[in-house]
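The values are calculated or read from the model by the stated rules, or taken from the named source; none is laboratory data. All values derive from a computational prediction rather than experimental measurement. In this analysis, Cβ positions are derived from the backbone assuming ideal geometry, glycine residues included, and neighbour counts consider all displayed protein chains. Just the protein is used for accessible areas: all its heavy atoms, side chains included, with ligands, DNA and RNA removed. Shrake-Rupley method; radii C 1.70, N 1.55, O 1.52, S 1.80 Å.
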Amino acid sequence: MHGGQGLLFLLPLLAVHMGAQARNQEARLLADLMHSYDPHQRPAERDSDIVNVSLKLTLTNLISLNEREEALTTNVWIEMQWCDYRLRWDPQNYEGLWVLRVPSTMVWRPDIVLENKSQTYSTSEINLQLSQEGGQTIEWIFIDPEAFTENGEWAIRHRPAQMLLDAEAPAEEAGHQKVVFYLLIQRKPLFYVINIIAPCVLISSVAILIYFLPAKAGGQKCTVAINVLLAQTVFLFLVAKKVPETSLAVPLISKYLTFLMVVTILIVVNAVVVLNVSLRSPHTHSMAPGVRKVFLQLLPQLLRMHVRPLAPATVQVTRPRLQNGSSSGWSLTTGEEVALCLPRSELLFQQRQRNGLVRAALEKLEKGLEPGQSQEFCGSLKQAAPAIQACVDACNLIARARHQQSHFDSGNEEWFLVGRVLDRVCFLAMLSLFICGTTGIFLMAHYNRVPAQPFPGDPRPYLPPPD
């Protein structure tokens with residue numbers, strides 16, 4: 001029992017002694033290496049020697065892309081490898097110690113900073129190159145699948161890396177050589193399709209539906225179209241707050257919103273023009289024969305519209321115009337105009353007087369003329385002649401007034417039919433423009449993709465070989 005306790009005490013003491021001895025070897029090695037080491041001096045045995053520095057970039061997270069500021073935020077690890085001849089030792093002199101880890105501030109480091117997208121340095125002091133693993137150059141940005149977090153808005157399509165030399169820059173200046181790391185990303189469109197594009201398409205469809213209102217409902221049409229225009233302006237304002245303030249390129253979503261606003265403005269203009277045509281009358285406008293033929297005969301047949309049969313064109317065309325602008329085939333005489341302006345009581349008195357004279361003459365004709373009454377009958381007819389003429393003139397006046405009103409109503413209906421036909425033509429034009437423009441911009445977005453290869457004409461995939 002006592003022997004077992006002694007063995008247990010011996011093992012911890014041995015482990016502590018070996019750990020202390022290993023730490024002593026590391027401390028002795030570190031002291032020997034740093035005895036005359038200058039971290040500010042380039043590790044070159046001769047001034048003409050060039051230090052080879054290998055670079056490897058590991059992407060751990062694609063955080064965000066600020067499109068307005070044109071800034072990409074990522075988390076990356078930069079791995080740099082070089083050979084420092086002053087940090088060599090013989091492991092046998094330090095009890096087989098092969099690896100020594102020291103703080104980076106104690107050794108020389110290449111003055112390389114990741115600036116936007118590339119690493120640059122002077123070739124007269126440092127030779128930049130891509131890292132190699134298994135005899136293969138790593139010409140891509142390495143992604144650790146266990147540590148990488150996928151971004152919800154952007155997808156990485158290509159991540160190549162290239163070693164570039166600028167022949168125009170002198171070899172002793174920074175920028176002659178550079179290692180460029182590319183990130184070709186593509187937006188995941190689901191967010192914008194649901195929150196911006198789909199509402200804009202639906203709201204713009206409402207503007208197209210205003211053509212189903214009557215042609216004379218121009219005020220209601222303009223109200224609906226202006227409300228749609230305000231909604232589109234709000235969406236355009238929200239998008240403008242996110243896109244960069246540059247004139248070099250315009251985002252497709254801004255182009256589409258601008259296109260929808262132009263279509264809505266054209267719809268408002270169409271509604272105003274159709275309302276102006278629909279409310280015309282023969283008193284204010286005269287319809288040309290060409291307009292009547294195109295809008296009342298040809299276009300209704302092409303558009304399959306039901307239009308009431310019109311009066312003969314000869315009657316409508318040959319009607320002379322009065323001085324007040326109305327179209328009619330008759331004019332009122334001065335006596336008829338005075339008669340129409342008489343008071344109602346005086347007109348009734350004159351009508352009764354004329355009716356009495358006419359009735360007396362008719363009674364004599366019914367009873368038959370007695371001998372010696374022919375002269376008296378002729379006198380009665382002479383007295384009744386003005387009354388009969390006045391009755392005939394009154395009937396003609398009523399007929400002419402009804403005919404004038406009929407032609408006036410027919411002229412109003414013709415202008416209303418022209419407005420209907422023009423409204424249908426505008427509807428088909430705006431619908432075609434809306435469908436073609438929307439389809440064209442969507443096709444532009446569909447074909448605006450990241451190319452299959454990161455560099456045109458270079459067949460290399462710049463990706464690690466499949467396992």
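R420 - would you say it is of a type in the set (K, R) and surrounded by 12 or more Cβ atoms within 10 Å (Cβ to Cβ)?
yes
Yes or no, residue by residue, for (1) more than 25 Å from A217 (Cα to Cα); (2) open to solvent by 40 Å² or more (accessible area, probe 1.4 Å):
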| residue | (1), (2) |
| --- | --- |
| S247 | yes, yes |
| V250 | yes, yes |
| L260 | no, no |
| V269 | no, yes |
| S278 | no, no |
| T284 | no, yes |
| R292 | no, no |
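Taking the conditions exactly as written (within 26 Å of the chain's Cα centre (by Cα), touching a residue at least 24 places away in the same chain (Cβ under 8 Å) and surrounded by 14 or more Cβ atoms within 10 Å (Cβ to Cβ)), does I143 satisfy them or not?
When the stated conditions are applied, I143 does not pass them.
Kindly indicate whether Y85 is open to solvent by less than 50 Å² (accessible area, probe 1.4 Å), closer than 16 Å to V107 by Cβ and among the aromatic types (F, W, Y).
So Y85 does not fit the description; no.
For region 210-249, give me each residue that is in contact with a Lys or Arg (Cβ under 8 Å, 6 or more places away or on another chain) and β-branched (V, I, T).
Result: I210, V243.
Could you list, in sequence order, the residues of region 414-433 that are closer than 14 Å to P214 by Cβ and not hydrophobic (A, V, I, L, M, F, W, C)?
Within region 414-433, G419, R420, D423, R424 meet the criteria.
So how many residues does region 434-464 have that are farther than 30 Å from A207 by Cα and surrounded by 12 or more Cβ atoms within 10 Å (Cβ to Cβ)?
The total comes to 8.
Can you name every residue in region 53-77 that is open to solvent by 70 Å² or more (accessible area, probe 1.4 Å) and touching a residue at least 40 places away in the same chain (Cβ under 8 Å)?
I63, R68, E69, E70, L72 - these are the residues of region 53-77 that are open to solvent by 70 Å² or more (accessible area, probe 1.4 Å) and touching a residue at least 40 places away in the same chain (Cβ under 8 Å).
Take D423 and tell me if it is at pLDDT 70 or above and within 30 Å of Q297 (Cβ to Cβ).
Yes.
Please find, within region 205-238, the residue that is surrounded by the fewest Cβ atoms within 10 Å (Cβ to Cβ) out of those that are touching a Ser or Thr at 6+ places or on another chain (Cβ under 6 Å) and either on the phi > 0 side of the Ramachandran plot or modelled with pLDDT under 85 (or both).
Checked region 205-238; the qualifying residue surrounded by the fewest Cβ atoms within 10 Å (Cβ to Cβ) is K216.
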